[in-house]
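**Q** One structure is given below, represented as structure tokens, and several questions about it will come after.
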Amino acid sequence: MDLTQTLPVAAALVAVATFVVIVRTAGAPPTRWWLPAVPLALFTAWSGYAVLAEGPGGFWPEHVGTAWEVQIWMDLLLMASAAWWLVQPRLRETGSSPWPWLVLVLATGSIGILCLLLWVRRFEARTPERAVLAGRG
């Protein structure tokens, strides 16, 4: 079985399930702060495999060829920028400096964003009154 053919379908199913859980728990206290760890672990494992199999720069040729490849690269960059922008108020509430997080996000993309989301959710779980007052779950 070729994982490069079946894994994208499985990833889409996990993404849809994750989106549903996020929507259903949006107003609840952040008791499930660990939830971002699930896609983080799965994606980090696959990314590690990709780096070992193709090398650390193996992603670059996939983003600089056709118009679709460039479009996908720009889409990823815009999504990372939007996620970074949206999480900043919550990161400030934790008292953390954004600079180490920015380096992690720029170096690892979604892995860094998921780590940041996990960090913020964990903080909110420890201080639920702040999360509830801010209207976050």
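Any read-out appearing in this document is the output of simple, stated calculations on the displayed coordinates, not a laboratory observation. If you're wondering where the values come from, they're calculated on a predicted model, not measured in any experiment. With ideal geometry, Cβ positions are generated from the backbone for all residues, glycine too; neighbour counts draw on all protein chains shown.
**Q** Gain in length, Val20 to Val51, computed as 0.36 nm per residue apart minus the alpha-carbon separation, to one decimal in nm?
**A** Roughly 8.1 nm would be gained on extension.
**Q** Rounded to the nearest 0.05, what FRET efficiency do Glu69 and Ala41 give with R0 = 41 Å and r taken as the Cβ-Cβ distance? Could you check?
**A** It comes out at approximately 0.90.
**Q** Using alpha carbons only, how many degrees (0 to 90, rounded to 10) separate the axis of helix 67-94 from the longest principal axis of the chain?
**A** Tilt of helix 67-94: around 20 degrees.
**Q** Hey, another quick one. Would you work out the charge dipole size for the stretch 39-129 about its Cα centre, treating the Cβ of every Lys and Arg as +1 and the Cβ of every Asp and Glu as -1, and quote it to the nearest 20 debye?
**A** Taking the Cα centre of the stretch 39-129 as origin, the dipole is about 380 debye.
**Q** Starting from 0.36 nm per residue, how many nanometres of slack lie between Leu118 and Leu102 once their C-alpha separation is accounted for?
**A** This chain segment gains 4.3 nm when fully extended.
**Q** Give the peptides 33-40, 96-103, 116-123, 50-57 in descending order of average Cβ contacts within 10 Å, highest first.
**A** 116-123, 33-40, 96-103, 50-57
**Q** Putting +1 on Lys and Arg Cβ atoms and -1 on Asp and Glu Cβ atoms, find which of Ala67, Ile111, Leu52 reaches farthest to the positive end of the dipole of the chain.
**A** Farthest along the dipole direction, towards plus: Ile111.
**Q** Residues of the stretch 94-116 with the amide nitrogen closer than 17 Å to a label point 7 Å from the Cα of Met79, along Cα-to-Cβ, please.
**A** 105-116
**Q** Just add up the charged neighbours of Leu117: K/R +1, D/E -1, any other residue whose Cβ is under 11 Å from the Cβ of Leu117.
**A** +2
**Q** For the stretch 29-60 and the stretch 65-101, write down the distance between their C-alpha centroids in whole Å.
**A** 16
**Q** Same structure, new question: Could you check the simple spin-label distance between Phe59 and Glu93, using points 7 Å along Cα→Cβ, in nm with one decimal?
**A** It works out to 2.8 nm between the two label points.
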